[in-house]
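The structure under discussion appears below in the form of structure tokens.
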Amino acid sequence: MGIIGDGVVVVGAAAANNINISYGAVVLGGTFDRLHDGHRLFLKAAAELARDRVVIGVCDIPMLTKKQYSYLIEPIEKRMQHVEDYIKSIKPKLVVQTEPITDPYGPSIVDKNLEAIVVSTETLPGGLSVNKKRAERGLSQLKVEVVDLLSEKSSGNKLSSTTLRRLEAEKLKKLEL
């Protein structure tokens, strides 16, 4: 774990299991389509950072239109349930609040009781943008916790739902031939 500055803390995959820091309530967001190991690492880090409550914004239709193979994204209800079930499997007593989000901010800029936001290295700018919006609204700044995500073992690329959807689309195309 290392501190970059401006309240940004980097939580490595190994360090995520030995975190001494905790917050009453943390927030994170994502599409969480086809819950995979990268999602599980991200959600586990958030659960371990939270003492009482974790708030998860799950991207809904307006946030999905530009994603590749968006027509294959699982329904929002299924994605929210998978996220909640996974966090409850790690930390059963944690209050898990999942909600659909239609913009990049969701509950992160309205919930005054949040203390930290969990982001990946790729979504760090979004976490910093959340703090700007919170400041504009007179809300406290969130500590920004950055989680390093897994890579696919075979290619070294970041594990992603887009890759999983692409493979499914290719499989469906072969079935049509």
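The values are calculated or read from the model by the stated rules, or taken from the named source; none is laboratory data. Please read these numbers as outputs of a predicted model, since none were measured by experiment. Methodologically, a virtual Cβ is constructed for each residue, glycine included, from the backbone with ideal geometry; neighbour enumeration extends over all protein chains shown. The protein model used for the area step is the full one, side chains on, heavy atoms only, and it has no ligands, DNA or RNA in it. Shrake-Rupley method; radii C 1.70, N 1.55, O 1.52, S 1.80 Å.
A few comments on the model shown:
- Odd one out for Lys153, checked against (1) more than 19 Å from Ala45 (Cβ to Cβ); (2) open to solvent by less than 60 Å² (accessible area, probe 1.4 Å); (3) at pLDDT below 95: (2)
- Residues satisfying the stated conditions in segment 129-150, i.e. touching a residue at least 60 places away in the same chain (Cβ under 8 Å) and among the basic types (Lys, Arg): Lys143
- Among the residues of segment 84-126, those that are assigned to a helix (DSSP H, G or I), in contact (Cβ under 8 Å) with a residue 12 or more places away in the chain and more than 18 Å from Ser22 (Cα to Cα) comprise Glu84, Tyr86, Gly106, Pro107, Ile109, Leu124, Gly126.
- For the condition in contact (Cβ under 8 Å) with a residue 12 or more places away in the chain and more than 22 Å from Val147 (Cα to Cα), Asp60 qualifies.
- Taking segment 85-127 as the range and being crowded, with 16+ Cβ neighbours inside 10 Å, among the hydrophobic types (A, V, I, L, M, F, W, C) and more than 18 Å from His39 (Cβ to Cβ) as the test, the residues that pass are Ile109, Leu114, Ala116.
- Residue in segment 138-155 that is of a type in the set (S, T, N, Q) and either part of a helix (DSSP H, G or I) or under 13 Å from the mean Cα position of the chain (by Cα) (or both) present: no
This table checks each residue for (1) more than 19 Å from Asn113 (Cα to Cα); (2) in a helix (DSSP H, G or I); (3) open to solvent by less than 10 Å² (accessible area, probe 1.4 Å).
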| site | (1), (2), (3) |
| --- | --- |
| Leu43 | yes, yes, yes |
| Arg53 | no, no, no |
| Ile56 | no, no, yes |
| Pro62 | yes, yes, no |
| Lys67 | yes, no, no |
| Glu74 | yes, no, no |
| Arg79 | yes, yes, yes |
| His82 | yes, yes, no |
